[in-house]
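The structure appears below as structure tokens.
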Amino acid sequence: MSNTNESAVLKAPILTKTFLITLIVVLIGVALIGYRYVSGIGVVSNLSDGYPWGIWLGYDVAVGTAFACGGYILAITVYIMNNFKYHPLIRSAVLASMFGYALAGLSVMVDIGRYWNSYNFFVPGRWQPNSVMFEVALCVMAYTVILIIEFLPAVFEGLADKGHAWAKSAYKSLDKVLIFIIALGVLLPTMHQSSLGSMLIISGYKLHPLWQTMFLPMLFLGNAILMGFAIVGFEVTLATVGFKRPFEKELVSLSKVIPFIAVGWVVIRFISITTSGAWGEAFTPSWLTLVFWLEIILVLIPAFIIQFSSWSGSMRGIFVSCFMLMFGGGMYRLSVYITAFDPGSGYNTYFPSVSELFITLSMIAIEILGYITLVKIFPVLANPAAHKKH
């Protein structure tokens, strides 16, 4: 409970200018989603038979769930690798992951053309267990529930501190089984992150040779792990500046693993290109070639900064490195799902409509709004006073 003093409520007003601006973006997005359900998906998107999914699945699901892997990575680091010195960072990461996965599920519901048939997903007799897409959907939904359960200790602790005796009892009961919940929470992302890569293997020649490979499941899982470390660094440094908090020095040692994962991922990427015989494409002048090398550079430069630069131990260095990793890692996933995908002649090139972009922006705004609200209600962020004692 709160006697551990590890986490604390952020004492700041909820209704700020940032809150109100973000709320306006959310409300506009909700209105557009309502319009989509009333008038059909065609009036708000540029999707077609050639491009059956776009920014909602490309960013909100493929990229968004990778950005939401902070909780997954810290669960492995703290509970599997037994590095409990990073435990103060875990609630913040779980909260961000919870919103990221929940909004990925919401984006799928917005993207489904015949949404009135979505109830079939909850009818076991209509499941298709051989479908990679079904496995992704099932794991994402299950992991969202797991993340909500993992966040409940913060809720119970906050309520107990306000005098609700039942919350203290609920906290103790949940604590007895939480390790099993966490174990399941480590398994599920490992499954569906690799499956997000498997989904595009079946696209065959429609996916550019620089990205089409049987290594896609491994590359997507490695990308998720890399992005998980990056998002932890990005979120914590952003919260440090935005909430005017002391810098979490645990990030310095946590970030030291990033160069090894980044270089390892690039090596696997190069091996995949070698085995598929696509190196000729990597040196053929085209804008996709530029995208490919930019993805590689945006992964390797942060690795160099963290490993060799004088910036490596600073908050600025970690922020810049993690931002570049998120950008490069996100580009890779968008390339696989959208940029490097070509359905063939007869279809117009896909570019998201203004409504699609705004709905995606509203999803991001919901996550920001939820995060800055809950950290001011429940003990989520690391307690600076407790840190000074160590």
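The values are calculated or read from the model by the stated rules, or taken from the named source; none is laboratory data. The structure displayed is predicted, hence computed values, not measured ones. Neighbour counts are summed over all protein chains in view; Cβ atoms, including those assigned to glycine, are modelled from backbone coordinates with ideal geometry.
Within the group L210, L196, which residue is on the phi < 0 side of the Ramachandran plot, in contact (Cβ under 8 Å) with a residue 60 or more places away in the chain and either in contact with a strand residue (DSSP E or B) (Cβ under 6 Å, 6 or more places away or on another chain) or assigned to a loop (DSSP other than H, G, I, E, B) (or both)?
Testing whether each residue is on the phi < 0 side of the Ramachandran plot, in contact (Cβ under 8 Å) with a residue 60 or more places away in the chain and either in contact with a strand residue (DSSP E or B) (Cβ under 6 Å, 6 or more places away or on another chain) or assigned to a loop (DSSP other than H, G, I, E, B) (or both) leaves just L210.
Over 20 Å from A68 (Cβ atoms), surrounded by 14 or more Cβ atoms within 10 Å (Cβ to Cβ), in contact with a helix residue (DSSP H, G or I) (Cβ under 8 Å, 6 or more places away or on another chain) and of a type in the set (G, A, S), is that true of A282?
Yes, satisfied.
Looking at A386 and the list (1) of a type in the set (G, A, S); (2) modelled with pLDDT under 95; (3) over 30 Å from F84 (Cα atoms); (4) in a helix (DSSP H, G or I), which single condition is not satisfied?
In the conditions (1) of a type in the set (G, A, S); (2) modelled with pLDDT under 95; (3) over 30 Å from F84 (Cα atoms); (4) in a helix (DSSP H, G or I), A386 misses (3) alone.
When you scan the stretch 70-163 for helices (runs of 4 or more DSSP H) that lie fully inside it, which ones turn up with 2 or more residues that are within 20 Å of the chain's Cα centre (by Cα) and surrounded by fewer than 22 Cβ atoms within 10 Å (Cβ to Cβ)?
The helices (runs of 4 or more DSSP H) meeting that bar are 90-111, 132-161.
Run L184 past the list (1) within 24 Å of the chain's Cα centre (by Cα); (2) within 24 Å of F99 (Cβ to Cβ); (3) crowded, with 17+ Cβ neighbours inside 10 Å and report the number of the one that doesn't hold.
(3)
Being in contact with a strand residue (DSSP E or B) (Cβ under 8 Å, 6 or more places away or on another chain), under 25 Å from S309 (Cα atoms) and surrounded by 17 or more Cβ atoms within 10 Å (Cβ to Cβ) is true for just one of A230, A239. Which residue is that?
A239
Out of everything in the stretch 164-181 that is surrounded by fewer than 17 Cβ atoms within 10 Å (Cβ to Cβ) and among the hydroxyl-bearing types (S, T, Y), what residue ends up being nearest to N223 (Cα to Cα)?
Per the stated criteria, the residue is S173.
State whether one or more residues within the stretch 246-267 are in contact with a strand residue (DSSP E or B) (Cβ under 7 Å, 6 or more places away or on another chain), surrounded by 15 or more Cβ atoms within 10 Å (Cβ to Cβ) and outside any helix (DSSP H, G or I).
Looking through the stretch 246-267, at least one residue is in contact with a strand residue (DSSP E or B) (Cβ under 7 Å, 6 or more places away or on another chain), surrounded by 15 or more Cβ atoms within 10 Å (Cβ to Cβ) and outside any helix (DSSP H, G or I).
If you scan the stretch 306-365, which residues turn out to be assigned to a helix (DSSP H, G or I), of a type in the set (S, T, Y) and in contact (Cβ under 8 Å) with a residue 12 or more places away in the chain?
S312, S321, Y332, S335, Y337, T339, S355, T360, S362
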